[in-house]
Each structure stands twice: as structure tokens, then as C-alpha cells.
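The values are calculated or read from the model by the stated rules, or taken from the named source; none is laboratory data. Fair warning: this is a prediction, and the values are worked out from it, not measured in the lab. Cβ sites come from the backbone with ideal geometry, for glycine too, and all protein chains shown count toward neighbours. Protein only, heavy atoms only, side chains kept; ligands, DNA and RNA dropped before computing areas. Shrake-Rupley method; radii C 1.70, N 1.55, O 1.52, S 1.80 Å.
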Amino acid sequence: QMNIGFICNLECKHCHVDAGPLRREVMSRETLSTCIDIIKHYKFPTVDLTGGAPELLPDLGWFISEIAGSVERIIVRSNLTLLIMKKYEPLLETFVKYKVNIVSSLPDVTEQRTNKQRGKMVFEKSIKALQLLNSLGYAQPDKDLQLDLVHNPVGAYLPGPQPAIEQQYKERLKKEHGINFDNLYVITNMPVSR
């Protein structure tokens, strides 16, 4: 797993790296080049890219294209909200071309709870991004493009059982928004930064 930067368009309450719009730290191309050499040398099967928002790394598309032939799986942990912007269309093309597995936090299937954790309009933007990803072939039976979601509720309590929550997500997102996804991961946020 590579944490490639602290810059993010969101400022989620649970962020373990204190990422946000005021942060500017991202990996340089020089550091990324060193990482490419290490990945190729050690033949890691999976490279998992996180941030901040990985999409805000100017060299993300280049980096993915450089490591794609050397790893079996590339994961990008996206907050989804940037993907609906026209500016990121080339990055979406890169994701599809190299079969990048997108993993995204969607704290809840309700607008109120998601926005409470992640900010105003995040739920609406996330739904639009998920619909866009589905239209590109993500989480479609005849495609090899994996889309996974993460349920990470805010609060000093543990989430419920993963299979039951996944079923609820699948039913509600399909019925209310026409959205498909592959897997739901249930995690507990660790308030180690904010």
C-alpha cells in the first residue's frame, strides 16, 4: 500500500492522515520512479494506492501505466467525488484500460449519514460517480472491472455484520439508484489524527 499524498478535496472527520484541501504534500515523480523500480524488483502482486485523494496526484495516470505490466492488481482508493469532473476523464480511461480495482468509502446508503461524515453533496456526487463507473463497465457481469465499497460509520461503536450490511447496500443502491458493485468491506474508523 502506498500513501501517495495528503491533498484531498474532502475533509472527512475520520481521516487517519489528516488529509484535506489545505494540504499540498504529494509524492514527487522522482519518488514515484523509485517506487516503480522497487515494485518491478520485488514483483509485488498488488499495489494499493491511497491518499488523500489519489486522483489529485498529477502523475497518477503515468504511474499506473508504468506499473501495470509488473503487477497483477492495482487498487485505487477513491472518494468518488472527483471522478464526475470532466478534468478526470483521462484518468477514468486509464482505470478502465489497466483494469484498476476501485475501492471507495460510502459510509452509508443514506444521504444524511454520508454527508454528515464526508461533507455537503458528497452522497449525491458519489452516486453520480458510481453510476458513471457502472456505465464504463465497472461491476458488470461481462467485464473485468472491480468496484468495491467501504462502510465505515462514524461514532464510538462497531459496525454491524458485513454480510447483512452488504446485502442492504446492494438492494438499496440497485433499487434507488440503479447501481451495482462487487464487494462491501465493513471497517471501523480509528480516530488517530483528527
Open item on the list: Given the DSSP H assignment, sum -39500 (n - 2.57) over each helix run of at least 4 residues in the chain and divide by its residue total; what's the result at 222 nm in deg cm²/dmol, nearest 500?
Closed with: -11000 deg cm²/dmol
Task: Whole-number accessible area per residue in Å² for the chain, which is evaluated in the context of all protein chains at 1.4 Å - done: 53 Å²
Open item on the list: Suppose we keep just the DSSP beta bridges with both residues in the stretch 1-94; what percent of those would be antiparallel, to 5?
Closed with: 10 percent
Task: Per-residue SASA entry for residue 18, accessible area with 1.4 Å probe, Å² rounded to 10 - done: 60 Å²
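Show me the ranking of peptides 156-167, 76-87 by mean Cβ neighbours inside 10 Å, starting with the highest. Intermediate values should be presented prior to the final figure.
Details: 156-167: 11.9, 76-87: 19.2.
Descending mean neighbour count gives 76-87, 156-167.
Given the Cα atoms of the chain, and with Rh set as the inverse mean 1/r over their pairs in the Kirkwood sense, what is Rg to Rh to two decimals?
Details: Rg = 16.3 Å, Rh = 17.2 Å.
Expressed as Rg/Rh, it is 0.95.
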TODO: Using label points projected 7 Å from each Cα along Cα→Cβ, tell me how many nm separate residue 41 and residue 172, to one decimal.
DONE: 4.7 nm
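What net charge is computed for the residues neighbouring residue 6, neighbours being all others with C-beta under 12 Å from the C-beta of residue 6, Lys and Arg scored +1, Asp and Glu -1? Working shown, then result.
Numbers: positive: 23, 24; negative: 11, 18, 25.
Around residue 6, the surrounding residues sum to -1.
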Task: Fully extended contour minus Cα-Cα distance, from residue 97 to residue 29, at 0.36 nm per residue - done: 22.3 nm
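Which order, highest average first, do 4-11, 30-37, 51-58 follow once you tally other Cβ atoms within 10 Å for each residue and take the mean per peptide? Could the numbers behind the result be given before it?
Working: 4-11: 20.5, 30-37: 13.9, 51-58: 23.2.
Highest mean packing first, the order is 51-58, 4-11, 30-37.
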- [ ] Please list, or write none, the lysines whose alpha carbon is within less than 25 Å of the alpha carbon of residue 125, excluding same-chain residues fewer than 8 places away.
- [x] 13, 86, 87, 97, 99, 116, 143, 170, 174, 175
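Dividing the Cα radius of gyration by the Kirkwood radius, what Rg/Rh value follows for the stretch 43-123?
Working: Rg = 13.8 Å, Rh = 13.6 Å.
Computed over Cα atoms, the ratio is 1.02.
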Open item on the list: Checking the cross-link filter: which aspartates and glutamates have an alpha carbon closer than 14 Å to that of residue 43, excluding same-chain neighbours under 8 positions apart?
Closed with: 66, 72
